[in-house]
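> Take a look at the following structure, please.
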Amino acid sequence: MRRLTGGRAPERGAVAIIVTILLASGVLLGCAALSVDVGNLSAERRDLQNGADAAALSAAQDCAITVCPSATSPSLMALAGANASDGTSGISRTNPALPAVCGVGTGSGLVSCPADSGLGECPTPSGGLPPNYVRVYTQTRLQNGSTMLPYYFAQALAGGATGGTQQTCSAVAWGPLGQFHTIMPITFSYCEWLAATGATPPATTGTYVTAPSGPDPGYGGAGNPWPAASQERVVQLAGGSIPGCTTWNGHDAPGGFGWLSAPNCSVTTSTNGWVQTDPGNNEECDLTALLGKVAFLPVYDCVMAAGAQPTGPPPLTPASACATGSGSNTWYHIAGFAAFYVSGWYLSGGSTANSLLSHNPPCSGGSRCVSGWFVKKLLSVQDMGPNNNPPGFGINVVQVVG
């Protein structure tokens, strides 16, 4: 038996033949194309999506604070490229006739987005898009300027398949703050906000002071000078109606003095919600911790007497229907929130904090008031409110919607 087996030649070259057959039939090239070429496309799409998300978030913030950017904005291009593994990515679309930055928003200057189609588009939420949103599209772009990602193995299988391109999109909305937990349970009227900011909605949304960025108290430090004295505003917490206000209620409820019912000096309020007043001459909260800080104040547009919390929007016709509150059964309808830098206050029968700018009480006698500046703030982790008629009062939030 050893003589018979010893003379048999070994099966050398069998593996080489199998590999040759697999190569000739395209099986190995197909596997390589699936793993390498398709993997490159998948990685490219992730990079593009990261860039689109970053650019869209930045664009929405610009829209909310200043003005919407264009597709050639250097900051957007830098964000898109910074999120790409090769350091470059294009804010553009596979169809150059379509806008790479588009959307809708009052006074935004954005180009309208065409109808969605294909995987490269942003899906529209089931509830529809918010009133203000921006879309940013990113497309494959290599260091040499090409928009085609080369196929390393697929072109060996099909000579015409030299490369592919990817397109992604991100949509981000901006709008007024919907709900907030405030530690300054004071409200003031929509009319008073109009008078203090000089706003004339919907054409403009008011005049604001640049928000403080330095150390506490925020203004008055190096590189962050105090605003002009003429820009300081005094919010009255008790007083008569504001002249010229014929549509919205412009005064605090009798005996309410602007205080809200807030156990432990805090209250959660919502845009288009109702909150109860806390009547009386007593000082409800110690405001010391808020001096030299930005507080978020609810702005109301209706005062109503009710034995229980009202529901739904207020009855604004006739206007007198929003001026019926008195005592503890009084409810304020919250139209939105304003960002207010607190520079001082005067509460007759209570505490006084002289204005950080003028060093004098902001009001006197039997008045109750808070002084400071209205500023713009952007919040990215809060609820977005409904598109109610009053403007956003200087506070906006951003949310990814597609």
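The values are calculated or read from the model by the stated rules, or taken from the named source; none is laboratory data. Bear in mind the structure is a predicted one, so any value in this text is a computation, not a measurement. Cβ atoms come from the backbone with ideal geometry, glycine included; neighbour counts cover every protein chain shown.
> Which members of the stretch 118-144 meet the condition of being surrounded by 19 or more Cβ atoms within 10 Å (Cβ to Cβ) and modelled with pLDDT of 70 or more?
122, 130, 132, 133, 134, 135, 136, 137, 138, 139, 140, 141
> Quick one: which of 199, 171 is modelled with pLDDT of 65 or more and either surrounded by 22 or more Cβ atoms within 10 Å (Cβ to Cβ) or within 21 Å of the chain's Cα centre (by Cα) (or both)?
From the options 199, 171, the qualifying one is 171.
> May I ask you to verify whether residue 86 is of a type in the set (Asp, Glu), exposed (fewer than 14 other Cβ atoms within 10 Å of the Cβ), modelled with pLDDT under 80 and assigned by TED's automatic domain parsing to the domain that holds residue 133?
Criteria met by residue 86.
> Could you tell me whether the stretch 317-331 includes any residue that is outside any loop (DSSP other than H, G, I, E, B), in contact with a helix residue (DSSP H, G or I) (Cβ under 8 Å, 6 or more places away or on another chain) and at pLDDT 75 or above?
No, the stretch 317-331 contains no residue that is outside any loop (DSSP other than H, G, I, E, B), in contact with a helix residue (DSSP H, G or I) (Cβ under 8 Å, 6 or more places away or on another chain) and at pLDDT 75 or above.
> Still on this model: Output the residue which, of all residues in the stretch 260-314 that are charged (D, E, K, R) and over 27 Å from the mean Cα position of the chain (by Cα), is modelled with the highest pLDDT.
286
> Follow-up question, since we're still on this one. If residue 147 passes every condition in (1) in contact with a helix residue (DSSP H, G or I) (Cβ under 9 Å, 6 or more places away or on another chain); (2) modelled with pLDDT under 80 but one, which one does it miss?
(1)
> For the stretch 155-168, name all the residues that are of a type in the set (Val, Ile, Thr) and modelled with pLDDT of 80 or more.
Selection gives 168 alone.
> Looking at residue 375 and the list (1) buried (at least 20 other Cβ atoms within 10 Å of the Cβ); (2) at pLDDT 85 or above, which single condition is not satisfied?
Only one criterion in (1) buried (at least 20 other Cβ atoms within 10 Å of the Cβ); (2) at pLDDT 85 or above is unmet by residue 375, namely (1).
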